[in-house]
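Structure, as structure tokens:
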Amino acid sequence: MSEELLAGEEPLSADDLFRVRKKNGAWKAVAAPTFDVTLADAHTHLQYLADPVRALARAGLAGVSFVCTVLDVFEDDEAVFGRLRPWTHQAAVSMQRAVPHC
Amino acid sequence: MPRVKVAAGCHPHNAAHYDAALEEKLRAWLRKPDVVALGEIGLDYHYDFSPVADQKRVFRAQLCLAKEAGLPVVLHVREALADAWEIVQDEGIPEAGVLLHCFTDTWEALEPWIEAGCRVSFGGAITFGNADAIRDAAARVPVGQLLLETDAPYMAPKPLRGQKCEPAQMVFTAERLCEVRGADDEDERRALLLATQGNALELLDRKPTAWQAGAPR
């Protein structure tokens, strides 16, 4: 994938790169820190993400090994509980496909 | 592949809707096997989406429920730390633990919570330009009480600020924490980040409590 994408909406990255918007509106990849230990995200809201599967896959590629997702009993749908395992399974498959890129 | 656990609760924004029926629903959710904490609960005086009286009532009710269930609590406290501290002291700190999430206040406001053994997690705000007070607090928290988070999709860290946040972005927050804590070489960085990971797992990667295991599903 070209590092410089066309100007427009924030790209939903299918790879493990992070991008920032340049002054001309194009998106450019930025260097990301790497660590030799894994990280734990103690607070997130997977159900509010546009693509939780892709987000979990990208998290895994970035070295995040644990995520605690926070649900609200008034706002959120109980169905989210039933989606967690399919999300993680699909993300694992996605990560395996992304490995050749790394 | 990240392991996923769940915290469930009634946010202070929704406190006005918390009634007996919602509490029963929350009780049912807390019995689900992936649930490891009650949250996010607390007080939010910035938006005041629910009346303060309701927020306090519901905060107290959920603290009691957490203690009954043997679960730690994840707190959302904005511009209300003093009131939140008063309520937590009054109701008693849950034995399973307290996590102040997305901390954006000063060390002075945080100190009593730390002295009481509470944990605190820092997110993308630690990377923001006007966040010296937050970074000062992050530098002073004992390492055994320090966690990291994203609060995705909110609070994307720099250089991604303004975008939708995602868990992967925590690498930028982790890097900034290392700088703030003076973890300069690889061994120090590894030790610090292993500690934040260990603290999160100790609090949140837990087996069902006796209450969760014993309650009818």
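Structure notes:
- Verdict on B:ALA53 being open to solvent by less than 20 Å² (accessible area, probe 1.4 Å) and not in a loop (DSSP other than H, G, I, E, B): no
- The set of residues in the range B:1-37 that are aliphatic (A, V, I, L, M) and touching a residue at least 40 places away in the same chain (Cβ under 8 Å) comprises B:ALA7, B:ALA15, B:LEU30, B:VAL35, B:VAL36, B:ALA37.
- Residue within the range B:174-195 that is part of a helix (DSSP H, G or I), in the same structural domain as B:ARG119 (by TED's automatic domain parsing), on the phi < 0 side of the Ramachandran plot and within 16 Å of the chain's Cα centre (by Cα) present: no
- Residue that is nearest to the other protein chains (Cβ to nearest Cβ) [pool: residues in the range B:14-46 that are in a loop (DSSP other than H, G, I, E, B) and within 19 Å of the chain's Cα centre (by Cα)]: B:ASP34
- For the range B:1-13, the set of residues classified as open to solvent by less than 10 Å² (accessible area, probe 1.4 Å) and more than 16 Å from the chain's Cα centre (by Cα) consists of B:PRO2 only.
- Any hit, the range A:80-88, residues being more than 8 Å from every other protein chain (Cβ to nearest Cβ), closer than 23 Å to B:ARG31 by Cα and among the hydrophobic types (A, V, I, L, M, F, W, C): yes
- Filtering the range B:106-161 to residues that are open to solvent by less than 10 Å² (accessible area, probe 1.4 Å) and within 21 Å of A:ALA31 (Cα to Cα) leaves B:GLY123, B:GLY124, B:ALA125, B:ILE126, B:LEU148, B:GLU149, B:THR150, B:ALA152, B:ALA156, B:PRO157, B:LEU160.
- Strands (runs of 3 or more DSSP E) fully within the range B:62-130 that include at least 3 residues being in contact (Cβ under 8 Å) with a residue 24 or more places away in the chain and of a type in the set (Val, Ile, Thr): B:73-78.
- Residues that are touching a helix residue (DSSP H, G or I) at 6+ places or on another chain (Cβ under 7 Å) and more than 7 Å from every other protein chain (Cβ to nearest Cβ), drawn from the range B:170-199: B:THR173, B:ARG176, B:LEU177, B:CYS178, B:VAL180, B:ARG181, B:ALA183, B:LEU192, B:ALA195, B:ASN199
- Number of positions in the range A:14-59 that are of a type in the set (Gly, Ala, Ser), surrounded by 19 or more Cβ atoms within 10 Å (Cβ to Cβ) and at pLDDT below 90: 0
- Every condition in (1) under 21 Å from B:LEU193 (Cβ atoms); (2) out of contact with any Asp or Glu (no Cβ under 6 Å at 6 or more places or on another chain); (3) hydroxyl-bearing (Ser, Thr, Tyr) is met by B:THR106 except one, and the failing one is (1).
The values are calculated or read from the model by the stated rules, or taken from the named source; none is laboratory data. Source: prediction; values computed, not measured. No Cβ is skipped: glycine too gets one built from the backbone with ideal geometry, and neighbour counts run over all protein chains shown. These accessible areas exclude ligands, DNA and RNA; they are computed on the full protein's heavy atoms, side chains included. Shrake-Rupley method; radii C 1.70, N 1.55, O 1.52, S 1.80 Å.
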